[in-house]
Amino acid sequence: MRVDAVFVGRAYLGGRFEEVAVAVEGDTIAAVTKPALAPRGEETVVLSPKQLLLPGMVDLHVHMREPGLEHKEDWRSGSMSAAKGGVTCVFDMPNNVPPANTCDRLREKVAKALSKSIVDFGLYAGCSDEPETLKPCADLFFGFKLYPEDLYSPRAQPTFKLAAELGKPVFVHAEDPSLFRDSPLHSEARPPEAEASAVELALELARSTGAWLHLTHVSTKPALEKILASKALGKVTFDVTPHHMLLSDSLYRSPLAKIAKVNPPLRSEEHRAAVYAAARSGAADALVTDHAPHALAEKLSENPPPGFPGLELALHLLLKEVLEGRLPPSAIDLYSSKPARLAGLRKGVIAPGFDADLVIVELAEWSVKGSELVSKAKYTPFEGWTMRTKTVATYVRGRCVYRDGEFGEGGARA
Ligand code: NCD
Ligand code: ZN
């Protein structure tokens with residue numbers, strides 16, 4: 001038997017690293033064998049002892065900004081950012097201009113992304129006054145996304161009902177705007193209580209409709225406790241971000257305050273530790289970046305918009321925690337097999353029958369510089385952090401989309 005490609009080296013095989021050969025045929029992983037038993041490949045990629053083979057990461061929460069906000073990011077720059085970060089599949093949020101909340105707009109977005117993205121993608125549908133009109137194009141989106149203003153509007157209940165009927169998740173950004181306060185400090189303007197309160201409302205809507213509720217970027221201890229307590233009662237899942245795991249609201253009293261502004265805000269040490277613990281214990285269902293790029297001038301303005309880019313750093317932040325002993329290797333599942341399974345994809349796992357989404361990383365120390373990101377947003381609250389790994393190459397369904405600073409043509413799939 002001769003296959004298209006064989007990768008030989010130390011690979012992540014769910015919880016552990018093992019010396020193997022991974023055979024790729026077309027789009028798919030054909031076999032994982034001991035190196036001595038590898039089939040012959042048209043191409044053979046032998047990893048060095050300093051390199052590791054990982055499954056492609058799957059990010060369930062990104063903002064590629066196209067259509068409408070291409071000065072912040074577009075499908076090309078955003079997907080390049082993903083490829084460089086070892087992310088082979090992204091799920092894009094609907095807060096475009098205009099919002100992606102009709103079949104026509106979702107169709108246009110799919111066409112745009114197919115023509116420009118170098119990684120695979122999925123989409124969310126935004127909230128609308130007539131959610132029923134999304135029924136005919138239900139195959140175009142993975143789930144619904146509700147922002148705080150949607151959750152506290154008459155649109156919320158019908159969206160949950162339709163989601164239950166279609167068997168799709170409702171991703172909720174849980175913050176209760178009635179608890180927001182006037183404060184120059186972002187973490188005080190949107191206090192922890194606002195998250196717990198919105199989680200309660202979302203859980204109530206999920207219970208009354210039977211819908212699958214997914215709480216995204218959960219950032220506080222009381223909210224985590226409520227979510228974990230209700231998991232047994234219905235389909236309730238949640239994700240956490242690297243920034244809520246690793247950064248705290250002390251940044252809001254630093255020169256990075258504007259850059260670090262994000263919703264929900266970075267929190268105090270107590271909440272940060274609780275989010276980290278949810279990732280370490282495996283309680284979290286996924287890690288997401290909430291890659292939310294804005295133009296640097298916007299971020300440095302008097303009233304900066306919330307959010308910052310994350311796709312290029314998330315995997316390497318995760319590997320830093322693993323290599324420095326604070327997270328178990330299985331934490332890699334949070335950004336690969338677990339989100340892939342939630343999305344019903346044969347991705348995020350190095351095993352026969354799965355998409356040949358593969359990432360080669362190399363042990364290397366480097367210092368994060370926002371100015372060097374390939375995202376249009378060339379800044380990060382992780383400025384100056386020391387990383388332990390870098391991406392050498394990224395393959396999407398067997399096709400090389402990134403190697404040593406160069407990008408290939410993708411041919412993305414929705
Ligand atoms: C989001 C964005 O920029 O699209 N920003 C963020 O801080 N998460 C919008 C939002 O979720 O408020
Ligand atoms: Zn977001």
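Give the total of Lys-Lys pairs in the stretch 78-210 with Cα-Cα distances below 27 Å; include a pair only if its members are 8 or more places apart or on different chains.
Lysine pair count for the stretch 78-210: 19.
Can you bin the stretch 358-414 into rounded, prolate or oblate? Criterion: square roots of the alpha carbon gyration tensor eigenvalues sorted a ≥ b ≥ c, rounded for a/c under 1.5, prolate for a/b above b/c, oblate for the rest.
oblate
Quick check for you: which residues of the stretch 379-414 have the amide N under 15 Å from the point 7 Å beyond the Cα of Glu43 toward its beta carbon?
392-411
Per residue, how big is the convex hull around the C-alpha atoms of the chain? Give it to me in cubic angstrom, could you?
129 Å³
How about the stretch 259-355: which trypsin sites (Lys or Arg not before Pro) there are in a DSSP loop, with at most 15 other Cβ atoms within 10 Å of their Cβ?
Qualifying residues, ordered by number: Arg326, Arg346.
When only DSSP loop residues count, what trypsin sites (Lys or Arg not before Pro) in the stretch 29-105 have their Cβ near at most 15 other Cβ atoms within 10 Å?
Here the sparse-neighbourhood loop sites are Lys50.
Quick check on the chain: helices-only [θ] at 222 nm, where DSSP H runs of length 4 and up contribute -39,500 (n - 2.57) each and the sum goes over total residues. Nearest 500, please.
Helices in the chain give a 222 nm mean residue ellipticity of -7500 deg cm²/dmol.
Where in the stretch 109-188 are there chymotrypsin sites (Phe, Trp or Tyr not before Pro) that are in a DSSP coil and have at most 12 other Cβ atoms within 10 angstrom of their Cβ?
Of the chymotrypsin sites (Phe, Trp or Tyr not before Pro), not one in the loops of the stretch 109-188 has a Cβ with at most 12 other Cβ atoms within 10 Å.
Out of Ser336, Ser375, Ser301, any idea which swings most in a Gaussian network model of the chain, alpha carbons joined below 10 Å?
Per the Cα network of the chain with a 10 Å cutoff, Ser301 tops the list.
How far is the Cα center of the stretch 73-151 from the Cα center of the stretch 345-365, in Å?
Computed from Cα coordinates, the inter-centre distance equals 24 Å.
Taking the chain as a whole, which cysteines find no other cysteine Cβ under 4.7 angstrom from their Cβ?
Cys89, Cys127, Cys400, each lacking another Cys Cβ under 4.7 Å.
A short reminder: the numbers here are calculations on the coordinates, not readings from a lab. Bear in mind that the values here come from a model prediction, so they are computed numbers and not experimental data. FYI the Cβ positions are ideal-geometry reconstructions off the backbone, even for glycines, and counts take in every protein chain you see.
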